[in-house]
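Asks: Here it is, the structure, as structure tokens.
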Amino acid sequence: MDVSKHSRLLGLCLLLLSSVFTVIAQAQTCLTHSDMDEPIRSALESTAKRYFNLAARGDTAALKQNATASLAANFSSVESAVKDSQASFSGAQAQPRPPFLLKIEGDKPLERAEFLCGVFGKNGQTANSAAFVIPNLAPSTYGLVTLEIAGGPTAQTVSFVLQQQGADWKIGGFYVHASEAAGHDADWFADKARSFKTKGQNRDAWLYYLEARELAVPVPFMYTQITDKLYDESQAVKPADLPLDGNTVDLPSAGKTYKLTTLSPAGVGQDIDVVVKYQASDVSHTAEAFKDNMAVIHALVTKYPELRDAFGGVVARAVEPSGQDYGSMLPMKEIK
């Protein structure tokens, strides 16, 4: 079952039972900013700002010292994110959104921790509610703080998952997230998706709905009334012939058959491109990989010509089993 749909069903159960938590969720609680004590809220916000200032200075050593043991042991992704964001962080101002306080009781990690935050209505989420679904989360108290980054070259947020350890809040997660793609926000992509849907261009609509949902929340494990609505709308246009839900799609071209694994939109500068990934045995021979990428790009647009109306170009990425990939891009106007 989709996470968004599952969250709404849990919300309905809570309402019907007139109880704060179901039996399944008794060990998991969530407090919104209006529910938590002022000292805790202030501590979360000030800690997140302090850690952002370290990131803005590029002080990854200090960030690592303030990370949980599990994150510090695998810190390369945070270091890369900080390095990649230096230009946008420098001189920017961070304004916190209302934080959340998540608690898990028990003596072992939960395979699937689900938190329902705020008030749910008869139809599920409300404008001020949120749901979080986090896998393999250990019993503890966590804070989620999202900072709006103003004054930088792009609209973005930085979110910290903070774990309480004694009197300290340690970094358990660090997320840099764009709030716009090619200068457009979630509402713009949703409106465009509805326009494509009206025209019967369901593949374009599906991909734009994906981008709208991606931009609407600052972390990938958060679900809101907006993302639930976008999910419901997208199901009406969900195409059966695209690589979705872990399934591959065969794409014949020039005597070869390529197995497509994902198709997704991406903002590249001021353009919106479509990115296609496919299985490859080896990408070390770049000349051959480039040739395959060009074949996939041309075959993809031939098979799905409506992509021409929605995207400025196609990026093909050959991905070998190790995860290493090789990408090539072609503007749509050059695809004959």
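The values are calculated or read from the model by the stated rules, or taken from the named source; none is laboratory data. The model shown is predicted, which means the values in this text are computed figures rather than measured ones. For neighbour counting, all protein chains shown are included, and Cβ atoms are generated from backbone atoms with ideal geometry for every residue, glycine included.
Asks: Given the structure, is T198 among the β-branched types (V, I, T), surrounded by fewer than 18 Cβ atoms within 10 Å (Cβ to Cβ) and under 30 Å from A240 (Cβ atoms)?
Replies: Yes, satisfied.
Asks: So, of the residues in the stretch 234-267 that are under 21 Å from the mean Cα position of the chain (by Cα) and among the hydroxyl-bearing types (S, T, Y), which turns out to be farthest from P331 (Cα to Cα)?
Replies: S234
Asks: Right, here's the next one. Evaluate the following for A69: is it surrounded by fewer than 16 Cβ atoms within 10 Å (Cβ to Cβ) and either within 19 Å of the chain's Cα centre (by Cα) or of a type in the set (A, V, I, L, M) (or both)?
Replies: yes
Asks: Does S77 meet the test of being surrounded by fewer than 20 Cβ atoms within 10 Å (Cβ to Cβ), closer than 17 Å to V176 by Cα, within 23 Å of the chain's Cα centre (by Cα) and not basic (K, R)?
Replies: Against the criterion (surrounded by fewer than 20 Cβ atoms within 10 Å (Cβ to Cβ), closer than 17 Å to V176 by Cα, within 23 Å of the chain's Cα centre (by Cα) and not basic (K, R)), S77 qualifies.
Asks: For K291, indicate whether it is at pLDDT below 95 and either out of contact with any Phe, Trp or Tyr (no Cβ under 7 Å at 6 or more places or on another chain) or at positive phi (or both).
Replies: So K291 does not fit the description; no.
Asks: Of the conditions (1) of a type outside the set (A, V, I, L, M); (2) in contact with an Asp or Glu (Cβ under 7 Å, 6 or more places away or on another chain); (3) within 24 Å of Y209 (Cβ to Cβ), S281 clears all except one; give me its number.
Replies: Only one criterion in (1) of a type outside the set (A, V, I, L, M); (2) in contact with an Asp or Glu (Cβ under 7 Å, 6 or more places away or on another chain); (3) within 24 Å of Y209 (Cβ to Cβ) is unmet by S281, namely (3).
Asks: Restricting to the stretch 149-167, name every residue that is crowded, with 16+ Cβ neighbours inside 10 Å and closer than 18 Å to L54 by Cβ.
Replies: Hits for the stretch 149-167 are I149, G152, Q156, T157, V158, S159, F160, V161, L162, Q163.
Asks: I've got another one for you. If you go through the stretch 128-142 one residue at a time, how many are out of contact with any Ser or Thr (no Cβ under 8 Å at 6 or more places or on another chain), buried (at least 16 other Cβ atoms within 10 Å of the Cβ) and either basic (K, R) or in contact (Cβ under 8 Å) with a residue 40 or more places away in the chain (or both)?
Replies: Selection size over the stretch 128-142: 4.
Asks: Right, another one. Looking only at helices (runs of 4 or more DSSP H) that fall completely inside the stretch 211-320, which ones have 1 or more residues that are exposed (fewer than 14 other Cβ atoms within 10 Å of the Cβ), in contact (Cβ under 8 Å) with a residue 40 or more places away in the chain and not acidic (D, E)?
Replies: Helices (runs of 4 or more DSSP H) meeting the threshold: 286-303.
Asks: Could I ask something else about it? When you check L207 against the structure, is it modelled with pLDDT of 95 or more and touching a Phe, Trp or Tyr at 6+ places or on another chain (Cβ under 6 Å), yes or no?
Replies: Considered against the rule, which asks whether it is modelled with pLDDT of 95 or more and touching a Phe, Trp or Tyr at 6+ places or on another chain (Cβ under 6 Å), L207 comes out as no.
Asks: Looking at K259, is it among the basic types (K, R) and assigned by TED's automatic domain parsing to the domain that holds T302?
Replies: yes
Asks: Sort out for me the strands (runs of 3 or more DSSP E) sitting completely within the stretch 65-178 that have 2 or more residues that are acidic (D, E) and assigned by TED's automatic domain parsing to the domain that holds L54.
Replies: 110-117
Asks: Look at R8 and say whether it is of a type in the set (K, R), buried (at least 19 other Cβ atoms within 10 Å of the Cβ) and at pLDDT 95 or above.
Replies: no
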